[in-house]
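Below: one structure, written as structure tokens.
The values are calculated or read from the model by the stated rules, or taken from the named source; none is laboratory data. As the structure is a computational prediction, the values presented were derived from the model and not from experiment. Positions of Cβ are generated from backbone atoms using ideal geometry, with glycine treated the same way; all protein chains shown enter the neighbour counts. Quick note on the areas: whole protein, heavy atoms, side chains included, nothing else; ligands and nucleic acids left out. Shrake-Rupley method; radii C 1.70, N 1.55, O 1.52, S 1.80 Å.
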Amino acid sequence: MAAVFHQEAGRLVGSLTKSLGNFDLAEECVQDALVSALEHWPRDGLPDNPGAWLMTTARRKGIDRVRREKRYQEKLATLEGAVPPQTPEVPNMEMPDERLELIFTCCHPALAREAQVALTLRSVAGLTTPEIARAFLVPESTIAQRLVRAKRKIVDARIPFRVPEREALADRVEEVLAVLYLMFNEGYLATGGRGAQDRDLAAEAEWLTNLLSGLLPNEAEILGLLALMRFNLARNAARFDDQGRMVLLRDQDRSKWDRRKIWDRRKIDETFQVVGRFLRFGRPGPYQLQALIAGAHASARTWEETRWPEILRSYDALVEFNDSPVVRLNRAIAIWHVAGAEAAYIELFDLAGALDRYHLYHATRAELLRALGRPEDARAADQRALELTENPAERALLTARLA
């Protein structure tokens with residue numbers, strides 16, 4: 001039941017929102033349909049097409065709601081014309097898929113970023129308000145308020161429920177990918193007070209990105225983000241030891257990485273197929289370049305086999321798309337392994353102002369200072385990094401390093 005609802009929630013909400021023009025009413029009808037399924041399926045068995053059963057039931061719930069409230073007469077006629085006379089169990093009912101329109105509506109630039117994320121998780125992925133609140137370590141009331149404000153904004157600003165026109169599509173896809181990227185990082189890096197191994201949000205982001213790639217199969221940057229996520233998720237089993245302590249990339253047991261074995265096809269090799277797909281388009285972008293960097297790490301059987309010159313070239317290209325201080329910081333790490341610690345440390349000088357409150361900047365400085373034989377300066381940098389992070393695993397690593 002949970003798997004079916006997770007798979008179908010976005011399709012159901014999208015279709016009903018388009019018919020009713022009302023997010024709240026659409027969600028309530030979908031929830032009512034789920035309640036009906038909980039009542040009927042254990043007794044009658046799983047329908048041949050569970051999604052069609054839920055869709056038909058949700059539409060009929062919508063008709064009942066409109067009739068009871070004596071409103072939306074025009075919408076009522078539209079709904080009645082869309083529902084066939086068969087019973088809900090009819091498996092071949094045509095199911096419209098408005099999830100793409102739903103995703104673009106949830107990620108409209110008129111909405112605040114935190115509202116975009118909450119609305120996407122709620123409407124497209126089918127997460128409950130308590131689940132979203134737990135993922136971001138905020139009260140349920142905060143998430144509920146974000147959802148209410150976002151839905152009201154959609155109505156007040158008359159945000160259209162549709163895929164943008166072709167000339168605006170690239171910019172809007174970029175906005176959607178930014179939401180999914182933020183969602184993934186929040187789960188994968190587990191910022192704030194959440195446990196460092198909590199990756200549920202990262203898995204949801206990967207699921208949504210995979211969904212988006214199926215709906216827009218010719219968008220290379222979507223494939224790039226999908227590959228980036230999958231390369232990182234493939235290393236999950238090696239990122240923490242048995243005591244939950246963070247293990248740095250160079251120290252990870254790579255036999256735990258989810259790579260291809262003779263008898264099984266695994267994530268890393270399947271992800272390289274995604275890389276091949278976006279490379280064939282010949283339209284490079286920042287997510288594709290980050291995926292190439294992650295892929296270079298994933299393909300190295302040992303730390304010593306890492307192809308750092310290739311990684312540095314990818315960072316050089318990435319700077320052309322996104323010349324941000326964080327990208328420059330990561331590029332400096334690649335320079336360290338190609339040209340030495342001194343060359344890398346020089347790169348950090350221009351980043352001091354922009355990244356003074358970023359803990360990974362100071363942790364990187366500490367690594368370079370140790371490599372340059374300046375242990376006391378390195379200790380001070382590690383102490384500063386410790387002051388700036390709340391992540392339990394990162395704090396444990398820095399504390400152990402200082403000790």
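Largest first, what is the accessible-area ranking of L386, L225 with a 1.4 Å probe?
Highest to lowest solvent-accessible surface, that is L386, L225.
Binning at 5 angstrom from zero up to the longest distance, how are the C-alpha pair distances of the stretch 262-364 distributed in percent?
2, 11, 20, 20, 19, 13, 8, 5, 1, 1, 0
Which one of H108, S123, I333 has its Cα pushed farthest toward the positive end of the charge dipole of the chain, where Lys and Arg give +1 and Asp and Glu give -1 at the Cβ?
Sorting the options by dipole projection puts first S123.
Give a residue-ordered list of calculated ³J(HN,Hα) values for the stretch 172-180 (Karplus: 6.51 cos²θ - 1.76 cosθ + 1.60, θ = phi - 60°; whole Hz; x for Gly, Pro).
Going residue by residue, I get 6, 4, 4, 5, 4, 5, 4, 5, 5 Hz, with x marking Gly and Pro.
Report relative contact order for the chain in percent, whole number only (criteria: Cα-Cα under 8 Å, sequence separation at least 6).
Taking the mean separation of contacting Cα pairs over the length of the chain, I get 11 percent.
What dipole magnitude, in Debye to the nearest 20, does the stretch 202-344 give about its Cα centre under +1 on Lys/Arg Cβ and -1 on Asp/Glu Cβ?
So the magnitude is around 380 debye.
Could you give me the ³J(HN,Hα) list for the stretch 276-288, computed from phi with Karplus coefficients 6.51, -1.76, 1.60 and θ = phi - 60°, whole Hz, x at Gly and Pro?
x, 5, 6, 5, 5, 6, x, 10, x, x, x, 5, 5
Highest first, please rank the peptides 395-402, 308-315 by the mean number of other Cβ atoms sitting within 10 Å of their residues.
Going from most to least packed, we get 308-315, 395-402.
Keeping all protein chains in position, work out how much accessible area K18 exposes to a 1.4 Å probe, and write it in Å² to the nearest 10.
It works out to around 100 Å².
Using alpha carbons only, how many degrees (0 to 90, rounded to 10) separate the axis of helix 392-402 from the longest principal axis of the chain?
It works out to around 0 degrees.
If the viscosity is 1.306 mPa s and the temperature 10 °C, what translational diffusion coefficient in µm²/s does Stokes-Einstein give for the stretch 114-158 when Rh comes from Kirkwood over Cα pairs?
This corresponds to a translational diffusion coefficient of 153 µm²/s.
Run the 1.4 Å probe and let me know the accessible area of F272, rounded to the nearest 10 Å².
80 Å²
Taking the Cα atoms only, what angle lies between the long axis of helix 23-44 and the longest principal axis of the chain, rounded to 10 degrees?
Once rounded, one gets 80 degrees.
When 1/r is averaged over all different Cα pairs and the result inverted, which Kirkwood radius in Å belongs to the chain?
Evaluated on the chain, it is 23.5 Å.
What order do you get for 320-328, 27-35 when each peptide is scored by the mean count of other beta carbon atoms within 10 Å, highest first?
Descending packing order for the listed peptides: 27-35, 320-328.
Would you pull out the residues with amide H under 5 Å of F240's amide H, same chain only if 5 or more places away, H placed 1.01 Å from N?
V247
Of the heavy-atom accessible surface of the chain (probe 1.4 angstrom), what whole percent is carbon and sulfur?
Its accessible area is 50 percent carbon and sulfur atoms.
Accessible area per residue for the stretch 93-184 in Å², computed with a 1.4 Å probe and the full protein assembly in place, what is it?
47 Å²
What full-extension length gain, to one decimal in nm, is calculated for Q273 and N322 as 0.36 nm per residue of separation minus the Cα-Cα distance?
Gain in length upon complete extension: 15.1 nm.
Please give the per residue accessible area of the stretch 307-364, computed with a probe of 1.4 Å over protein heavy atoms only, in Å².
52 Å²
So how do 105-118, 38-51 stack up, highest first, on mean other-Cβ count within 10 Å?
105-118, 38-51
What number results when the radius of gyration of the stretch 198-296, computed over Cα atoms, is divided by 2.2 N^0.38 Å?
1.12
What is the gain in length, in nm to one decimal, between A110 and A300 on full extension, counting 0.36 nm per residue of separation less the C-alpha to C-alpha distance?
64.1 nm
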